[in-house]
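What follows is calculated from the coordinates using simple rules that are stated; it is not laboratory data. All values derive from a computational prediction rather than experimental measurement. Glycine also receives a Cβ, built like all others from the backbone with ideal geometry; neighbour counts cover every protein chain displayed.
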Amino acid sequence: ASSNDWRSRSIYQLVTDRFALTDGSGPACSTGDRVYCGGTYQGIIHHLDYIQNMGFDAIWISPVVSSFEGPSAYGEAYHGYWPQDLYSLNTHFGTGQDLKALADALHKRNMYLMVDVVVNHLVSKASPPTFSSFNPLNEASDFHTKCLITDYNNQTEVEQCWLGDDNLPLVDVNTENDEIVKTYYDWIKTLVGNYSVDGIRIDTVKHVRKDFWPGFASSSGVYTIGEVLHNETSYVADYTNVLDAVLDYPTWFPLVAGFQTQFGNLSDLSRVITASQGAYKNGLFGTGSFLENHDQPRFPSLSNDTARLKNAISFPFIHDGIPIVYYGQEQGYTGGPDPANREALWFSGYAQDKDLVQHIKTMNAARKAAIAANSRFLSVPMTFPLASETTLAVSKPPMLALFTNAGVSGTASWNLAKSGFNGNTRLIDVLSCTVVTTNSDGSLVANTTDGLPQIYLPVSALPSSSNICTGK
Ligand code: ABC
Ligand code: CA
């Protein structure tokens with residue numbers, strides 16, 4: 001699938017080992033132990049209803065190729081980011097048939113499969129590494145000479161020195177060598193073809209020279225979204241010239257900081273977004289917008305205010321890009337930094353009556369309704385009719401979202417000279433189901449005493465089939 005095919009999608013990111021067991025029973029999973037807990041492709045297949053019922057139409061799974069077995073200084077390779085043999089699969093997650101069956105099951109539901117892929121390094125559990133354990137690059141000369149990255153401001157070092165540490169170095173592939181480049185281009189083409197992959201999330205993109213990526217992306221033949229873990233728009237922007245898209249990390253930093261406490265500054269969010277809209281190749285369209293992932297502490301571990309949480313969780317759904325929800329967000333998981341943020345989802349019983357499950361379901365439905373009512377939702381950049389430290393209004397016709405970091409017991413008001421709608425338009429807040437009408441000049445004043453966000457759509461934009469605010 002192409003970048004355009006992905007734009008209207010909504011992605012559920014899961015850690016394959018932690019999402020679902022094949023048959024519901026299995027070993028206890030102690031999150032902090034950094035060991036395999038038993039999640040499989042078959043487990044995912046059995047829980048596709050759970051994901052689809054929330055309104056997601058794509059999943060992003062962990063890297064699929066095989067890693068070393070047994071413990072290392074940082075535990076087992078359960079997360080998949082320590083590839084060792086490019087040409088065999090990680091059998092903890094299932095067989096090649098199982099992975100194909102997952103792709104088929106998704107496609108039957110008109111859902112997409114995104115696979116995480118790692119090019120930058122191979123990893124052996126020994127330190128110093130055993131090069132002969134790698135496939136196909138199995139000689140020291142296939143890798144950059146060892147030096148650990150210490151200065152992130154030195155780009156050559158970021159690209160050619162090694163991630164990890166002396167306990168577990170990530171052995172840095174020599175992506176300056178033409179034959180190795182060809183090996184990776186052929187590999188990604190085959191992987192995507194063999195398993196009917198619809199898109200790839202690419203790991204550690206800033207650690208490989210930029211001109212490696214266009215050829216890799218075109219060999220994959222599908223949508224490519226890269227991880228460039230950096231807080232500056234100016235640094236990340238250039239990678240949008242070599243891949244379809246990036247994960248929107250520059251927005252993530254002010255998103256978390258803005259909603260973490262009532263002292264956050266929401267205008268930082270609008271400032272960074274406006275800059276990125278101007279600096280990225282396609283603006284923010286096609287980028288990945290997220291609140292949580294497997295590398296960062298979960299939002300509720302930073303803030304226990306349920307109103308601020310609902311504001312922050314809602315934001316990616318009105319962002320220009322593709323919303324990505326990290327598994328467990330919907331169950332209110334509170335894990336801190338890696339490895340605590342990778343809890344088994346079976347602990348939750350996959351409950352569907354949880355408040356946040358319903359909230360996310362409503363946000364997915366609202367975004368789909370907005371797209372259906374006005375396809376320009378996917379091509380007209382969001383604007384900010386109002387941005388202060390404590391309040392933010394985001395206009396993306398036909399949606400208007402009002403956010404605040406005031407918290408459950410805080411009050412806030414949004415006074416919009418221009419709501420983005422005509423005068424006398426009836427709008428419904430999809431979260432509270434309250435209906436308001438814009439003033440005759442198109443202005444709107446809204447207030448809150450519970451700190452919750454308000455997500456408006458014109459009443460006329462709600463399709464009769466929509467499950468938004470039914471019975472209210
Ligand atoms: C393991 C253990 C951890 C332990 C760690 C030392 O070793 O599990 O418990 O703390 C995989 C595994 C991890 C594992 C690592 C290393 O491998 O998932 O569990 O950690 O063995 C990607 C993936 C990630 C994956 C890898 C490696 C890469 O999403 O899951 O990790 O395949 C860098 C990379 C980035 C990478 C990330 C983990 O490390 O660039 O691609 N993620 C600065 C740098 C960033 C750097 C970050 C690391 O520090 O600029 O490049 O990311 O913390 C802002 C600054 C940023 C700054 C952040 C922290 O603060 O603006 O620049 O980032 O203010
Ligand atoms: Ca590198």
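Rg to Rh ratio, the range 136-252, alpha-carbon atoms and Kirkwood radius?
On the way: Rg = 14.6 Å, Rh = 15.1 Å.
Expressed as Rg/Rh, it is 0.97.
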*Estimated distance in nm for a label pair at Asp238 and Ser443, the labels positioned 7 Å out from Cα along Cα-to-Cβ*: 4.7 nm
*Cα centroids of the range 183-216 and the range 1-60: how far apart, whole angstrom?*
22 Å
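Under 4 °C and 1.567 mPa s, how fast does the range 75-133 diffuse according to Stokes-Einstein, given a Kirkwood radius computed over C-alpha pairs? Answer in µm²/s, whole number.
Details: Rh = 13.5 Å.
My calculation gives 96 µm²/s for D.
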_Mean Cβ neighbour count within 10 Å, used as a protection proxy, ranking 281-291, 184-194 highest first_ = 281-291, 184-194
*Please give the FRET efficiency for Thr190 paired with Ser388, using the beta carbon to beta carbon distance and R0 = 56 Å, rounded to the nearest 0.05.*
0.60
*For labels at Arg271 and Asn153 in the simple 7 Å Cα→Cβ model, what's the distance in nm?*
2.1 nm
*Return, for the Cα atoms of the range 346-472, the radius of gyration and Dmax in Å, separated by a comma.*
15.0, 52
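If you build the Cα gyration tensor of the range 140-193 and take the root of 5 times each eigenvalue, what three semi-axes come out, in whole angstrom, biggest first? Show your work: numbers first, answer last.
On the way: eigenvalues 115, 29, 25 Å².
Three semi-axes, in Å: 24, 12, 11.
Whole number please: convex hull volume per residue, Cα atoms of the range 41-188, in Å³.
Looking at the range 41-188, the number lands at 135 Å³ per residue.
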*Quickly work out the Arg376-to-Lys418 label distance, labels modelled 7 Å from Cα along the C-beta direction, and quote it in nm with one decimal.*
1.2 nm
*Which three extents, in whole angstrom, do the alpha-carbon atoms of the range 385-459 cover along their principal axes, largest first?*
31, 24, 18
*Report the paramagnetic label zone for Asp450: residues of the range 281-322 whose backbone N is under 17 Å from a point 7 Å from Cα along the Cα-to-Cβ axis.*
305-314
*Principal axis dimensions, largest first and in whole angstrom, of the range 286-381 by Cα*: 40, 27, 23
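When all alpha-carbon pairs of the range 186-247 are counted, what percent fall beyond 19 Å?
On the way: 482 of 1891 pairs.
Cα-Cα pairs of the range 186-247 separated by over 19 Å account for 25 percent.
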*Return the Cα extents of the chain along principal axes one, two and three, sorted largest first, each rounded to a whole Å.*
73, 48, 37
*asked:* Between the range 94-120 and the range 393-437, what is the separation of their alpha carbon centroids in Å?
replied: 39 Å
_Residues in the range 98-122 that a label on Asn53 would reach, taking backbone N under 19 Å of a point 7 Å out along Cα→Cβ_ = 106, 109-111
_Label-zone membership for the range 36-60, site Phe347, 7 angstrom Cα→C-beta point, backbone N under 14 Å_ = 37
*Pull out the extension gain between Thr261 and Thr145, defined as 0.36 nm times the separation in residues minus the alpha carbon to alpha carbon distance; nm, one decimal.*
37.3 nm
_lysines whose Cα lies under 16 Å from that of Lys182, excluding same-chain neighbours fewer than 8 positions away_ = Lys210
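Cα-Cα over 22 Å: which of Lys361/Lys418; Lys100/Lys125; Lys368/Lys396; Lys310/Lys396? Please report the intermediate quantities before stating the final value.
Values: Lys361/Lys418 29 Å; Lys100/Lys125 29 Å; Lys368/Lys396 13 Å; Lys310/Lys396 19 Å.
Long pairs (Cα-Cα over 22 Å): Lys361/Lys418; Lys100/Lys125.
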*Considering Cα pairs under 8 angstrom that are at least six residues apart, work out the relative contact order of the chain and quote it in whole percent.*
13 percent
*asked:* Counting other beta carbons within 10 Å of each residue's own, what order do Val272, Val325, Val246 fall into, fewest first?
replied: Val272, Val325, Val246
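Could you give the alpha-carbon Rg of the range 1-58 over 2.2 N^0.38 Å, rounded to two decimals? Spell out each step's value before the answer.
On the way: Rg = 13.9 Å, N = 58, 2.2 N^0.38 = 10.3 Å.
Its radius of gyration relative to the 2.2 N^0.38 Å reference: 1.35.
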*For the range 1-100, what is the convex hull (Cα atoms) projected area averaged across all directions, in square nanometres?*
7.5 nm²
*Pulled fully out, how much extra length does the chain show between Asn282 and Ser466, if you take 0.36 nm times their separation in residues and subtract their Cα-Cα distance?*
63.2 nm
